[in-house]
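The values are calculated or read from the model by the stated rules, or taken from the named source; none is laboratory data. Quantities reported herein were computed from a predicted structural model and do not represent experimental measurements. Glycine gets a Cβ as well: all are built from the backbone with ideal geometry, and neighbour counts include every protein chain shown.
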Amino acid sequence: MGNRKLNHSSLGVGGFDFEGHRGCRGLMPENTIPAFKKAIDLHVTTLEMDAVITKDKQVIISHEPFFNHEITTKPDGSFVNEKDERSLNIYKMDYAETQTYDVGSKPHPRFPDQQKLSVHKPRLADVIDSAEAYTARLSLHPIQYNIETKSTPATDGIYHPNPDEFVELIMAIIKEKKIEERVIIQSFDIRTLQYLHQHYPTIKTAYLFEPPSDKSFAVRLKELGFIPTIYSPDESLVTALLVKQCKELGMKLIPWTVDDLKRMKELKQMGVDGLISDYPNLYAELFSK
């Protein structure tokens, strides 16, 4: 059973959601098309990713709205350092300029098993086209997409547009590709989720939060103002009570980022509805005795 492959069609939207974090960050350069293809090879049900906006209003896939020093090689072949990374602001660059930065060749200090290859930050539209073609070629069940808006009130107009424009830029692509039923929009920024709930109520939403957990479950939902599709906390915040509270409200509970097989098994046994992991290769082991 340890080598059993997951099957998209047997899981479906109503089944347990196996998400590949940034594609499969533990194995391939994060948020890149090769990482998403590898995650599909590992039979995830959902590709988890982060979206940022360029100066010319392209939606590209990147965890930060700048070029992170841990992963980036500059056009001249030198590595980006931590001191300078925030000056490499993607919101101030045209898409073409972003493609001169390599985000897959530099050895990752925290993910030594990552395969190294020269690769660039892709557009959301290209990720979707690639994933749709790849799953069709492999005769797999259509994949889901969990897209995070990387925004905060403090950096509106500096690193990203306001939430309404941010959401509309993403939704234009989702509508063009006709994948509305297979998309989740997630965010730490409740303004994003509130805008979606008001203007696109049929789109699934995921409310992200991280420690310290200084607000109660009830307060968080009151601030949000509606019941999202998914409650998505840091995995350390999951308790039996939280599982019960989510089930009572009809919310899915999908924690992040779970990279330890023992913890995956514990959380699955507790009753979570899915997992987000840098190592989706571990998911098959959840079925082992």
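Looking across region 135-166 at every residue that is part of a helix (DSSP H, G or I) and either within 22 Å of Tyr91 (Cβ to Cβ) or touching a residue at least 60 places away in the same chain (Cβ under 8 Å) (or both), the one that is nearest to the chain's Cα centre (by Cα) is identified as Phe166.
Looking only at region 204-248, count every residue that is part of a loop (DSSP other than H, G, I, E, B), under 18 Å from Lys150 (Cα atoms) and of a type in the set (Val, Ile, Thr) and tell me the total. Number of matching residues: 0.
Of the residues Ile173, Ile184, the single one that is touching a residue at least 40 places away in the same chain (Cβ under 8 Å), of a type outside the set (D, E, K, R) and either in a helix (DSSP H, G or I) or farther than 18 Å from Ile61 by Cβ (or both) is Ile173. The residue pairs whose first member lies in region 101-119 and is at negative phi, whose second member is outside any loop (DSSP other than H, G, I, E, B) and β-branched (Val, Ile, Thr), and whose beta carbons are closer than 9 Å, counting only pairs six or more residues apart or on different chains, are Tyr101/Thr73; Asp102/Thr73; Val103/Thr73; Gly104/Thr73; Ser105/Thr73; Lys106/Thr73; Ser118/Thr73; Val119/Ile33. Specify which of the listed residues (Ile170, Ile185) is of a type in the set (A, V, I, L, M), in contact with a Ser or Thr (Cβ under 8 Å, 6 or more places away or on another chain) and either within 22 Å of Glu97 (Cβ to Cβ) or surrounded by fewer than 16 Cβ atoms within 10 Å (Cβ to Cβ) (or both). The conditions single out Ile170. Does at least one position in region 61-84 carry a residue that is assigned to a helix (DSSP H, G or I) and of a type in the set (S, T, N, Q)? No, because not a single residue in region 61-84 is assigned to a helix (DSSP H, G or I) and of a type in the set (S, T, N, Q). Filtering region 242-270 to residues that are without any contact (Cβ under 8 Å) to a residue 60 or more places away in the chain and farther than 18 Å from Tyr207 by Cα leaves Asp260, Leu261, Lys262, Arg263, Met264, Lys265, Glu266, Leu267, Gln269, Met270. Within region 21-57, how many residues are part of a loop (DSSP other than H, G, I, E, B) and of a type outside the set (A, V, I, L, M, F, W, C)? Qualifying residue count for the region: 15. Per the listing Arg4, Arg86, Arg25, the residue uniquely of a type in the set (D, E, K, R), farther than 15 Å from Gln144 by Cβ and at pLDDT below 95 is Arg4. Here is the figure for region 265-278: residues that are under 22 Å from Asp113 (Cβ atoms) and surrounded by 22 or more Cβ atoms within 10 Å (Cβ to Cβ) total 4. Residue selection: Pro107 satisfies the criterion of being surrounded by fewer than 12 Cβ atoms within 10 Å (Cβ to Cβ) and modelled with pLDDT of 95 or more.
Might you let me know whether region 120-134 holds any residue that is surrounded by fewer than 18 Cβ atoms within 10 Å (Cβ to Cβ) and in a loop (DSSP other than H, G, I, E, B)? Yes: region 120-134 contains one or more residues that are surrounded by fewer than 18 Cβ atoms within 10 Å (Cβ to Cβ) and in a loop (DSSP other than H, G, I, E, B).
Out of Ser216, Ser187, Ser277, Ser236, one residue alone is of a type in the set (Ser, Thr, Tyr) and in contact with a Leu (Cβ under 7 Å, 6 or more places away or on another chain). It is Ser187.
For first residues located in region 271-288 and in a helix (DSSP H, G or I), partners that are surrounded by 18 or more Cβ atoms within 10 Å (Cβ to Cβ) and small (Gly, Ala, Ser) and lie 6+ apart or on another chain with Cβ distances below 6 Å form the pairs Pro280/Gly20; Pro280/Ala39.
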